[in-house]
Amino acid sequence: MKRAVFPGSFDPVTNGHIDIIERALLLFDEIIIAIGVNAEKKYMFSLEDRKRHLEETFANEPKIKISTYTGLTVDLCKKEKVNFILRGLRNSTDFTYEQSIAQTNASLAKIESIFLVSTPNVSNISSSIVRDIIRNGGDYRKMVPRSVLI
Ligand code: ADP
């Protein structure tokens, strides 16, 4: 059984994340969406809300599990006995950032990172842009799943 961890902050989950997850369902039998908890990071949405958004979005998808974690992603992978980390790439900035993380993770543990390039119509979306639009009272409805709006 092929399983992957999709780690991220999901603050909040966007249609860009969903694009990657739905396409990765063709590659993996199970995807664990792992919400990272970093004590040094300030989030807009609480951990409970971020988890609820994902649980509601994927309520009808038995191949997806939602979990939260602290510490290194490779340690979560070892604990869950998962050999693949899934990440999305929007542009060359993502690539440069992800390359060094993937190389580090591969050296820390025998874990392969698998990258999917985002679909063009969502490659402009990021959680930080959505947060900025929320802060400034703009319309972000087309960028996130319904669960983030309710
Ligand atoms: P992190 O803080 O770990 O970067 P994010 O929630 O911002 O967490 O992102 C998690 C993953 O989702 C990353 O691999 C990121 O590149 C990917 N991602 C985010 N937005 C998009 C998008 N619009 N298209 C494709 N991948 C995306």
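Read the figures in this text as sums done on the coordinates, not as results from a lab. Just so it is clear, the model here is predicted, and its values are computed rather than measured. A quick note on method: Cβ atoms are made from the backbone with ideal geometry, for glycine too, and the neighbour counts reach across all protein chains shown.
Select, from 101, 150, 133, 125, the only residue that is touching a Gly at 6+ places or on another chain (Cβ under 7 Å) and of a type in the set (A, V, I, L, M, F, W, C).
Selected residue: 125, the only one of 101, 150, 133, 125 that is touching a Gly at 6+ places or on another chain (Cβ under 7 Å) and of a type in the set (A, V, I, L, M, F, W, C).
Just the residues that are of a type outside the set (Gly, Ala, Ser) and within 10 Å of the ligand (Cβ to nearest atom), please, taken from the stretch 12-22. Show your work before the answer.
Looking only at the stretch 12-22, we keep the residues that are of a type outside the set (Gly, Ala, Ser), and these are 12-15, 17-22.
Once the filter is applied, which keeps residues that are of a type outside the set (Gly, Ala, Ser) and within 10 Å of the ligand (Cβ to nearest atom), the stretch 12-22 yields 12, 13, 14, 15, 17, 18, 19, 20, 21.
Take the residues in the stretch 68-89 that are in contact (Cβ under 8 Å) with a residue 40 or more places away in the chain and among the polar types (S, T, N, Q); name whichever of them is surrounded by the most Cβ atoms within 10 Å (Cβ to Cβ).
73
Look through the stretch 110-150, keep the residues that are of a type in the set (S, T, N, Q) and more than 13 Å from the ligand (Cβ to nearest atom), and return whichever of them is farthest from residue 24 (Cα to Cα). Can you show your working first?
Just the residues of the stretch 110-150 that are of a type in the set (S, T, N, Q), to begin with: 113, 118-119, 121, 123-124, 126-128, 136, 147.
Keeping just the survivors that are more than 13 Å from the ligand (Cβ to nearest atom) gives 136, 147.
Values: 136: 33, 147: 21 Å.
Among residues in the stretch 110-150 that are of a type in the set (S, T, N, Q) and more than 13 Å from the ligand (Cβ to nearest atom), the one farthest from residue 24 (Cα to Cα) is 136.
What is the number of the single condition among (1) surrounded by 17 or more Cβ atoms within 10 Å (Cβ to Cβ); (2) free of Cβ contacts under 8 Å to residues at least 24 places away in the same chain that residue 53 does not meet?
Against the list (1) surrounded by 17 or more Cβ atoms within 10 Å (Cβ to Cβ); (2) free of Cβ contacts under 8 Å to residues at least 24 places away in the same chain, residue 53 comes up short only on (2).
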